[in-house]
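Structure first, commentary second.
The values are calculated or read from the model by the stated rules, or taken from the named source; none is laboratory data. These numbers come from a predicted model, not from an experiment. Reconstructed Cβ throughout: ideal geometry from the backbone, glycine too, with neighbour counts over all protein chains shown. Please note that ligands, DNA and RNA were not included when accessible areas were found on the heavy atoms of the full protein model with its side chains. Shrake-Rupley method; radii C 1.70, N 1.55, O 1.52, S 1.80 Å.
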Amino acid sequence: MIGIGNRIHHYRKKNELTITALAEYSGLSRSYLSNLEKNKVVNPSINVLKN
C-alpha cells in the first residue's frame, strides 16, 4: 500500500514542483510537507489533505 507521503512526493515530482513551491501553493510549511513525504506524520487532518 502506498502511503499518503509517497503520493504527495510522487505528485510533486511529476509536476516538477519544489517542496518550497508546494508549501507556498498549499499554505503548509516546508517542514510539515517534508515530514509528510517521509511518512513521519502518521495521521494528517482532513483539512491538510484537502489542500
Q: Treat each spin label as a single point 7 Å out from the Cα along the C-beta direction, and report the K50 to Y25 distance in nm.
A: 2.0
Q | Accessible area (Å², per residue) of the chain, counting only protein heavy atoms and a probe of 1.4 Å | A | 79
